[in-house]
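Just below is one structure, and these are the notes that go with it.
We did not get these values from a lab; they are worked out from the coordinates using the rules stated. Since the structure is predicted, the reported quantities are computational estimates derived from the model, not experimental observations. A quick note on method: Cβ atoms are made from the backbone with ideal geometry, for glycine too, and the neighbour counts reach across all protein chains shown.
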Amino acid sequence: MTEYWDIYTKDRQLTGQKIIRGQAFPEGARHLVVHVCLFNDQGQMLIQQRHKDKDSWPEFCDVTVGGSALAGENAQQAAMREVKEEIGLSLDLTETTPAFTTNFEYGFDDTFLVVGDFNIEDIYFPDNEVQAVKWASYSDLCQMIDQGIFIPYFDSKIRMCFEMRGQFGSHKDRH
C-alpha cells in the first residue's frame, strides 16, 4: 500500500502537496511524525521491541509507539492510529496536546505522554511492526541505550518524557 504524507513548510504550514513515503523530500519540505509514550502509575514507560523484519532499527527497543502521520491526519489522529496499529490499544487522544515537539531536518516530531492503567495482557501486535513490549524505568532505558539495544535518542528527550509525564493527567485504557 502506498503511504502518502502531507508536506509542511518549516513554519508548520500545510502546503497542500503530498509526498510518497520513501521519496526524496523537495527543498524545504517537512512532514509530521508522532511518538506516544505510555506510562503506568509506577512511573515506568511501556517500551517495544521492533519487529526483526523492520527496515530500520530491526529488533531494537523503542518508546511505546511512533510513526509518520498519513496525509490528512493531524497529530492526534496519527497518534491514535499508531497506537492501534502497533500495540492494538484504542485511545482517545482527540483532546490531548503533545507534551513537546522536536524539530528535525525533514519535519516535526510531536510526542504524547499518557499515564494510565494499561494492562500489558491487553496488548497485541496487529501489523507485525512490534514483536514484544515490557515496562521499563528511566534507568532501564539509559542502560539499554548504553548497551546499544535501544534506539539512540538524545538522553534529554528520554529524560524529558519521564519528567513531564505527570503533567498530562491520567488516561483510562479503552479497548
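A few points about this structure:
- Centre separation in Å (Cα based) which lies between region 3-42 and region 100-140: 17 Å
- When DSSP beta bridges are restricted to pairs lying wholly in region 1-117, around 65% turn out antiparallel.
- Sorting the segments 70-76, 120-126 by their residues' average number of neighbouring beta-carbon atoms within 10 angstrom, most packed first, yields 70-76, 120-126.
- Listed candidates [x] 108; [y] 166; [z] 120 - label of the one calculated as volume of the Cα convex hull per residue in Å³: [z]
- Packing-based ranking of 56-63, 146-153 yields 56-63, 146-153, ordered from highest to lowest mean Cβ neighbour count within 10 Å.
- Only one residue of Cys161, Gln23, Ser56 has its Cα farthest out toward the positive end of the dipole of the chain, where Lys and Arg carry +1 and Asp and Glu -1 on Cβ, and that residue is Gln23.
- Dipole magnitude of region 1-131, debye to nearest 20 (Cβ charges: Lys/Arg +1, Asp/Glu -1, about Cα centre): 440 debye
- When peptides 86-95, 10-19 are sorted by average Cβ neighbour count within 10 Å, with the highest value leading, the order is 86-95, 10-19.
- Cross-link reach is defined here as a Cα-Cα straight distance under 21 Å, omitting same-chain residues fewer than 8 places apart; for Lys52 the lysines meeting it are Lys84, Lys134.
- Taking the Cα centre of region 64-175 as reference, the dipole from Cβ charges on Lys and Arg (+1) and Asp and Glu (-1) amounts to some 200 debye.
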